[in-house]
Amino acid sequence: MTQTPCDVLSCVEHERLEFELLEVRTRGQYLTRLRSLTREEQAEWDRREQRALASLVDHELEHGCNR
Ligand SMILES: [Zn+2]
């Protein structure tokens, strides 16, 4: 295994991005349970989740703090 230059536990930015992704997912799921979303709304939440995930992956690649 390769050594990670940045410990995940000590990477604040990684934690923040991970939290953001979790928040988007949680809110999307909550809304879906609350009422049925339109196709557009569903697509919007999917996009938000994709964006949050992309930011996290980008950060991991740049920072090398992925698990
Ligand atoms: Zn990091």
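Which residues, taken from the stretch 6-57, are aromatic (Phe, Trp, Tyr) and either surrounded by 11 or more Cβ atoms within 10 Å (Cβ to Cβ) or in contact (Cβ under 8 Å) with a residue 40 or more places away in the chain (or both)?
Selection gives Phe19, Trp45.
If the requirement is being at pLDDT below 95 and on the phi < 0 side of the Ramachandran plot, which of these qualifies: Arg35, Arg47, Arg25?
Of Arg35, Arg47, Arg25, the one residue that is at pLDDT below 95 and on the phi < 0 side of the Ramachandran plot is Arg35.
The values are calculated or read from the model by the stated rules, or taken from the named source; none is laboratory data. As the structure is a prediction and not an experimental result, all values here were calculated from the model. Neighbour counts are summed over all protein chains in view; Cβ atoms, including those assigned to glycine, are modelled from backbone coordinates with ideal geometry.
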